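Have a look at the structure below, then the notes.
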Amino acid sequence: MNNHLNDYSRRRFLGDVTTGLMGVGLSHLLGADASIAQAAAGAPWKPGAGMTHLRPRAKRVLQIFCPGAASHMDLWEHKPMLEKFDGTPLPGEENMVSFQGKNGPLMRSPWDFKPAGESGKMFSTMLPHMSQHADDIAFFHGMQSKTNTHGPGCVFVNTGHPTEGFPSAGAWISYALGSMADNLPTYVAIPDIRGEPPNGKANWSNGFLPAKHQAIAMAAHKPIRNLNIPETVTNQEERNTRELLSFLNERHASQRAEESELQARMGAYELAAKMQLSAPEVSDFKSEPQHIHKLYGTDSQNALKASYANNCLLARRLLERGVRYVNLYCASRASGVDGLLNWDAHKTLKDDYERHIPVFDQPTAALLTDLKQRGLMEDTLVLWTTEFGRMPTRQNGTVGRDHNPDGFTLWMMGGGVKGGTSYGATDDFGRRAEVDPTTIWEFYSTVLHILGLDYNQLSWYHNGLDRRITDVHGHVIKDVLA
């Protein structure tokens with residue numbers, strides 16, 4: 001330690017700390033006001049300052065992900081021809097070989113479909129709660145993927161690239177728009193109680209963006225680690241230590257303004273200190289009335305449903321407290337028994353989905369209802385995603401469906417979205433995207449547009465290229481915009 005630090009009296013030290021903290025707070029407030037003024041004046045866009053390229057229709061995102069490739073023709077896209085020709089060969093592909101081998105004949109959905117809402121959108125009868133939101137959802141029925149493997153498929157849908165090492169959508173939004181709360185993370189991932197999705201943390205990675213843009217993983221069943229002060233340290237000792245570190249770090253950083261990583265690390269420590277108070281509060285559901293718990297199903301006798309319902313409730317509490325982007329997972333990785341831990345129903349689709357759909361339906365619909373009744377849906381964009389679809393045929397010798405990257409469904413809802421619409425479609429049997437085929441790059445181009453961001457301008461220079469979540473592709477699908 002430098003000798004002149006010894007010249008500080010206790011009074012002078014506390015005075016400098018107080019002045020420094022006042023300066024930090026003032027600069028934060030002035031910075032926010034400056035960003036708003038710059039945006040209004042048409043100043044060049046500055047990432048992380050809350051500025052946008054366009055007028056935003058939403059300011060936060062909830063992304064629900066069902067790993068395992070949830071079947072489009074059993075949930076969201078009704079196929080009458082599949083019912084009519086059940087048990088017959090798929091025309092033109094009688095000897096089709098897919099991911100796990102040869103396919104058998106066409107297999108209709110085990111459940112009927114019924115019209116829902118004023119739009120009359122056909123929903124599986126296994127989704128009675130979700131069907132109540134039919135008039136608010138914009139479906140993308142012509143989705144296509146570049147891969148038929150779960151790990152790369154999940155990463156592809158989350159990052160726009162089928163290989164690891166690229167930033168997730170939440171990381172891009174964190175980088176572009178910055179935080180809305182100074183005591184909670186900008187980006188949170190909520191894994192399922194059954195485990196992480198295929199390829200794990202790569203689904204919410206910062207990739208090559210600065211580390212502060214990766215998601216903080218937390219769940220109702222798994223609070224953030226290392227937030228509690230050790231029992232051997234008193235509160236006063238902890239405060240004194242933090243004040244001293246803050247003083248020394250600020251002084252050190254002021255002499256090294258070019259070291260952005262140092263500033264990021266300091267910011268992370270400051271956020272961690274604030275989260276010692278805010279994180280336990282956000283995951284404490286005692287203040288939630290009983291009718292909210294009943295709405296979500298947190299009291300369900302089905303332990304998996306109750307756990308997912310609690311995670312849905314946590315997602316709402318995070319969003320209303322200013323978290324910018326929340327990834328909510330329903331199911332997890334693949335297992336030795338197909339369809340046990342996620343939506344990968346190779347062998348017994350009916351049994352598997354009668355286990356998964358009740359876990360998903362009521363809590364997810366309750367989360368959407370709750371966001372609506374609190375006025376949060378007006379400026380929240382909700383995404384439902386999965387890595388690819390499933391075949392319209394039986395997998396040979398089974399009553400399950402194999403992987404299908406050539407046609408599947410994703411959807412959007414909330415601020416900026418035209419509800420009760422369907423964009424694109426697969427063929428009569430659900431095998432391939434036939435009408436308005438859509439890529440994940442076009443999907444995210446539209447997401448960014450709703451958030452007020454131009455996908456062509458949101459980039460990061462890495463390894464000689466200006467990288468984007470849309471790669472070198474993309475266009476905004478205006479048919480689904482309100």
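Derivation of every value follows stated rules applied to the coordinates shown; laboratory data play no part. Since we're looking at a predicted model, the values are computed, not measured. Here Cβ is always computed from backbone atoms with ideal geometry, including for glycine, and neighbour counts include all displayed protein chains.
At-a-glance table
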{"quantity": "For Tyr423, residues with placed amide H under 5 Å, excluding near neighbours", "calculated": "Phe139, Phe140, His141"}
{"quantity": "Acute angle (nearest 10 degrees) that the helix 440-450 long axis makes with the longest principal axis of the chain, alpha-carbon atoms", "calculated": "50"}
{"quantity": "Reciprocal mean inverse distance between Cα atoms of the stretch 355-482 - Kirkwood radius, Å", "calculated": "17.0"}
{"quantity": "Hull volume in cubic angstrom per residue (convex hull over the Cα atoms of the chain)", "calculated": "168"}
{"quantity": "All Cα pairs of the stretch 148-256, percent lying beyond 18 Å", "calculated": "63"}
{"quantity": "Tilt relative to the chain, helix 260-282 - C-alpha long axis, 0 to 90 degrees, to 10", "calculated": "70"}
{"quantity": "All lysines inside 20 Å of Lys222 as judged from Cα atoms, apart from same-chain residues fewer than 8 positions distant", "calculated": "Lys201, Lys274, Lys286, Lys305"}
{"quantity": "With Cα atoms, 0 to 90° folded angle of helix 150-159 axis to the chain main axis", "calculated": "50"}
{"quantity": "Share, in percent, of DSSP beta bridges within the chain that are antiparallel, nearest 5", "calculated": "55"}
{"quantity": "Relative contact order computed over the chain (Cα-Cα under 8 Å; 6+ residues apart), in percent", "calculated": "27"}
{"quantity": "Ranked list, fewest to most other Cβ atoms within 10 Å of each Cβ, for Asp136, Asp344, Asp182", "calculated": "Asp182, Asp136, Asp344"}
{"quantity": "Amide H contacts of Ala116 (H built 1.01 Å from N, under 5 Å, at least 5 apart or other chain)", "calculated": "Lys121, Met122, Phe123"}
{"quantity": "Fewest-first sequence of His403, His462 by Cβ atoms within 10 Å of each Cβ", "calculated": "His462, His403"}
{"quantity": "Translational diffusion coefficient (Stokes-Einstein; Kirkwood radius from C-alpha pairs) of the stretch 414-467 at 4 °C, 1.567 mPa s, in µm²/s", "calculated": "95"}
{"quantity": "Ser254-Asp112 FRET efficiency (beta carbon distance; Förster radius 56 Å; 0.05 resolution)", "calculated": "0.25"}
{"quantity": "Computed lengthening from Val399 to Lys478, 0.36 nm per intervening residue step minus Cα-Cα distance", "calculated": "24.6 nm"}
